[in-house]
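The values are calculated or read from the model by the stated rules, or taken from the named source; none is laboratory data. As the structure is a computational prediction, the values presented were derived from the model and not from experiment. Here the Cβ positions follow ideal geometry from the backbone for every residue, glycine too, while neighbour counts run over all protein chains shown. Quick note on the areas: whole protein, heavy atoms, side chains included, nothing else; ligands and nucleic acids left out. Shrake-Rupley method; radii C 1.70, N 1.55, O 1.52, S 1.80 Å.
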Amino acid sequence: MSSEIAVLTPADTEKMEQTEAASTRKRPREGKKKKKEGRKVAKKMSWTNKQRALVFAARGITFHARHLMNDLRVLMPHSKTDSKLERKEGLFAINEVCEMKNCNMTMFFEMRKKLDLYMWLSMVPNGPSARFLVQNVHTMDELRLTGNHLRGSRPLVTFDKTFDEQPHLSLLKEMLKQMFGTPNVHPKSKPFFDHIIGFTNFDGRIWFRNFQISDEEKGGLVEVGPRFCLWPIKIFSGSFSGEIVPKEDELDQIFHTITQDELAG
């Protein structure tokens with residue numbers, strides 16, 4: 001008997017390998033495919049208002065002032081820090097530090113003769129800027145109040161009605177709102193409100209309070225701290241420089257400028 005031996009060509013071996021690979025390949029399950037098709041994709045909100053605040057101090061402040069500065073940093077997740085500014089460097093050097101840190105506003109503390117604490121608020125690089133004398137300082141460690149809120153949560157920044165009656169108070173209101181208001185969808189912030197930062201104008205001073213929202217339905221508030229008041233001394237048209245702005249028309253022009261910058265950011 002004659003036996004015939006089948007000889008496989010290279011083309012036949014390639015076809016056999018392809019069929020074996022197709023058979024061993026896993027087929028996708030229809031159930032999972034339907035679930036993926038029916039799942040709704042949530043839209044991610046973009047971070048558009050990229051306000052950044054540089055919070056630091058000059059060399060020579062006391063531990064009490066340093067604790068107040070650290071308390072304010074906790075309330076501002078959009079803030080950045082830097083080393084202490086040397087006394088020999090002028091205030092105008094702060095603009096360069098803000099530019100290197102990619103910040104468009106700053107809160108700067110300085111002390112004179114270990115007694116008087118001053119706070120600067122400035123919109124970098126074009127201004128305006130304001131200088132305050134800080135009084136009646138009580139830090140969180142001193143008060144030890146029962147209120148507590150999550151770190152990084154967004155605050156409701158409130159002002160009393162007197163801030164809308166005078167032009168210089170309206171300008172300070174806009175500066176404080178941009179400084180303490182946490183931008184929406186900030187990477188370091190929580191997407192909800194659980195505390196209120198209140199500014200009250202009384203006796204020529206601006207009083208600062210921070211409250212936790214304990215009961216949303218009844219409006220219950222519990223104070224957290226810190227406490228202090230700001231006595232406005234001077235408002236400058238530029239950032240740590242420029243003319244003193246006492247005139248009403250100049251205040252209205254600067255207020256319109258920083259409001260447009262906030263909307264553009």
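Restricting attention to the range 215-253, the residues that are open to solvent by 70 Å² or more (accessible area, probe 1.4 Å), farther than 20 Å from Lys177 by Cα and either at pLDDT below 85 or within 26 Å of the chain's Cα centre (by Cα) (or both) add up to 8. In the range 53-81, of all residues being of a type outside the set (A, V, I, L, M) and open to solvent by less than 50 Å² (accessible area, probe 1.4 Å), the one that is farthest from His149 (Cα to Cα) corresponds to Gly60. Only one entry of Phe199, Phe193 meets the criterion of being open to solvent by 70 Å² or more (accessible area, probe 1.4 Å), touching a residue at least 40 places away in the same chain (Cβ under 8 Å), assigned to a strand (DSSP E or B) and over 20 Å from Thr62 (Cα atoms), and that entry is Phe193.
In the range 43-84, of all residues being of a type in the set (A, V, I, L, M) and part of a helix (DSSP H, G or I), the one that is farthest from Lys188 (Cα to Cα) corresponds to Ala65. Every test in (1) at pLDDT 90 or above; (2) outside any strand (DSSP E or B); (3) open to solvent by less than 60 Å² (accessible area, probe 1.4 Å); (4) out of contact with any Asp or Glu (no Cβ under 9 Å at 6 or more places or on another chain) is passed by Val97 save one, and that test is (4).
Against the list (1) among the aliphatic types (A, V, I, L, M); (2) on the phi > 0 side of the Ramachandran plot; (3) out of contact with any Ser or Thr (no Cβ under 9 Å at 6 or more places or on another chain), the condition Leu145 fails is (2).
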